[in-house]
Amino acid sequence: MKIEKILMRGEKIMPKKNKHFFSSHKKSSAMFISLGFHAILVVVALYFVVVSTYTKKDTQFEPKKFKRPKMRERRLKVPTKTRKKPKPRLRKRLVVTKQRIKVPTIIMPTIAGVKGGMASGGGIGDSLGGLGFSMPELNFLGAKAKGGKVCFLVHFGIATTSVGKENNPYTRMTAYTIRSRLADLIKKMPEDVLFNVACFWMQDADAMSPKVIPATAANKQLVLDWMKHSNPLKGKYSHNFQSYKGNKKIKNAKGNWPTKVDGLKMPSVSWVYPYEVPRSKLSRYVPDASRNFQHWNRAVAWAILTQKPDTIFLLTNNYVGDCFAKKNPMKMRDVFKGMLTDVYGADKKKWPTINVVVLSTVGKKDSQAFARHILKDMFGPLINLTKGDGSIIRNITDYMNTQEKVMYKKFKRMYAE
């Protein structure tokens with residue numbers, strides 16, 4: 001019908017053309033073109049790098065491994081000279097170490113001494129055990145004590161050389177035996193022990209040395225040299241101090257401690273350092289004293305004030321020389337108590353022990369009972385104050401060795417029978 005209408009209008013009839021896909025789909029084709037274009041751009045963009053970031057790594061060098069030649073180890077050889085170590089020598093000072101030293105016990109011939117309830121030897125010697133130093137025990141004619149710094153105070157007067165009016169080799173065997181046992185004891189002392197010796201009688205107290213000395217072989221020989229002329233068995237004399245009369249050197253030396261007086265002749269010791277308590281000390285300890293210390297108490301005062309030992313051995317035959325104490329042992333004890341406190345301090349553990357040996361007077365009636373009285377009643381307060389020891393020599397032959405006993409019997413037949 002459309003053809004007929006067209007023909008009726010007189011319009012030309014044109015052949016119908018085939019339309020193209022894109023012309024008929026103009027909008028859709030534009031979209032596909034755009035998508036394709038962008039796809040191409042994306043593909044092209046993938047071939048280009050707009051920004052590249054990277055982290056720079058540290059340069060590392062890898063060493064080449066190669067084998068190094070190995071060298072032999074060679075030790076340096078140095079020639080050495082071996083020297084012999086010198087033998088140790090004893091120093092003059094006593095060295096205390098932490099290591100405990102075992103010291104042999106020194107024991108003299110034993111005798112049943114009368115202790116009178118006295119305390120056994122101890123005192124300052126025991127306190128040193130905590131320092132690792134073992135104090136040797138000394139036995140001097142029955143009195144025992146421990147000590148590393150010892151003073152021996154020995155009666156060398158007429159009581160050791162005579163019996164009554166008799167004075168001969170038989171009566172002098174007492175002095176000879178006492179001197180021999182003292183020498184034997186000192187010979188056996190260890191070298192690290194310090195010691196000194198003084199002899200006394202009445203107004204004389206004479207030291208062997210101005211200070212304590214170690215018990216070396218040379219110093220032990222020194223004791224023998226000092227005593228070799230004292231109270232010999234033979235000769236006409238009374239006792240050791242006989243030659244002192246009129247000796248101005250000894251008199252002047254007493255007030256000027258320590259002054260040596262040598263060149264003394266028999267029957268005295270070879271040399272002396274005479275001593276008397278200075279006036280300043282005398283007035284301090286005995287304000288009302290009219291006379292100086294004498295006999296045994298002068299010797300004890302010398303030991304305390306000048307030597308400061310830890311052990312004192314005193315051998316005497318009587319309790320004399322305490323004129324200011326008037327034979328009052330408690331007063332004498334208080335005098336020495338003040339002296340000990342000044343020198344050693346208030347601690348009694350630091351005080352020395354005072355150990356007393358009383359010699360029975362031969363030929364005297366009830367001599368042993370008298371000796372017990374002297375030891376217990378007179379010296380007892382001083383011994384107990386210092387925790388010392390005491391003994392009595394009942395018979396001097398108990399302390400003689402075999403050779404001395406033979407000599408004693410020989411002299412007894414010659415002079416006493």
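Laboratory data are not the source of any read-out in this text; all were calculated from the coordinates shown. All of these numbers come straight from a predicted model, not from anything done at the bench. When we count neighbours, we look across all protein chains shown, and the Cβ atoms used for this are built from the backbone with ideal geometry, even at glycine.
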Which of the peptides 37-43, 144-150 is most tightly packed, and how do the rest follow, judged by the mean count of other Cβ atoms within 10 Å per residue?
144-150, 37-43
Between segment 285-312 and segment 221-235, what is the C-alpha centre distance in whole Å?
26 Å
Within segment 286-322, backbone nitrogen closer than 18 Å to the virtual label 7 Å beyond the Cα of residue 377 toward Cβ
317-322
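Can you give the local net charge around residue 185? Use residues other than it whose beta-carbon is closer than 12 angstrom to its beta-carbon, Lys and Arg +1, Asp and Glu -1.
Numbers: positive: 144, 179, 181, 187, 188, 220; negative: 137, 184.
Taking every other residue near residue 185 into account, the sum is +4.
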Long-range amide H contacts for residue 137: which residues qualify at under 5 Å (H placed 1.01 Å from N, peptide plane, sequence gap of 5 or more or a different chain)?
106
Provide the percentage of antiparallel DSSP beta bridges, counting only those with both residues in segment 147-415; round to the nearest 5.
35 percent
Pairs of Cα atoms under 8 Å, at least six residues apart: use those to get the relative contact order of segment 147-415, whole percent.
20 percent
Using mean Cβ contacts within 10 Å as the protection proxy, how do 372-384, 397-409 order, highest first?
372-384, 397-409
What does the charge add up to near residue 234, with Lys and Arg as +1, Asp and Glu as -1, over the other residues with Cβ less than 14 Å from its Cβ?
+4
Give me a comma-separated list of calculated 3J(HN,Hα) values for segment 255-260, in order, Karplus coefficients 6.51, -1.76, 1.60 applied at θ = phi - 60°, integers in Hz, x for any Gly or Pro.
x, 10, 5, x, 10, 8
Calculate one ³J(HN,Hα) per residue across segment 308-314 by plugging θ = phi - 60° into the Karplus curve 6.51 cos²θ - 1.76 cosθ + 1.60, and present them in order as whole Hz with x for glycine and proline.
6, x, 9, 8, 10, 10, 10
